[in-house]
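Data first, discussion second: the structure below is written as structure tokens.
Any read-out appearing in this document is the output of simple, stated calculations on the displayed coordinates, not a laboratory observation. All of these numbers come straight from a predicted model, not from anything done at the bench. Ideal geometry is used to build each Cβ from the backbone, glycine not excepted, and the neighbour counts take in all protein chains shown.
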């Protein structure tokens, strides 16, 4: 925790002292389990992205709505059609058609080599492996509705 706090304080001090050229401009990831560290660089702002251009965060809206949101630069689509999902129930259902891995916080389902579903109890589902809502011939919607 001391290391994380130190990194955060140093970046904050750089910002507060107008030393912006020294800012990291990436997300520093520390995987203590695997004893690895790496930086995830941020891409350039995308002109059609509401988050990049107007500081709106549609993916963080609390209520489920009938829409898919592309998470800019993450090769992921977030789907939030329902308000609650029981991870235990979905683990039992999905293990028949996908490789599943469950934690107390999420359920990861891998139906094929190209796509991962990350399912959260609040109803959000991240479809990793595409930024295209219309993935494949009919889009990701049929695969989502087939699995979820």
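Note down the relative contact order for region 2-41 as a percent, whole number, built from C-alpha pairs under 8 angstrom at least six residues apart.
Averaging sequence separation for qualifying contacts and normalising by length gives 26 percent for region 2-41.
Quick check on the exposure proxy: order 99, 21 from fewest to most C-beta atoms within 10 angstrom.
21, 99
For 36, 102, what's the fewest-to-most ordering of other Cβ within 10 Å of each Cβ?
36, 102
Could you state the per residue volume, in Å³, of the convex hull enclosing the Cα atoms of region 2-41?
On the way: hull volume 2.2 nm³, N = 40.
That works out to 56 Å³ per residue.
Would you order 7, 106 from fewest to most other beta-carbon atoms within 10 Å of each residue's own beta-carbon?
So the ranking, lowest neighbour count to highest, is 7, 106.
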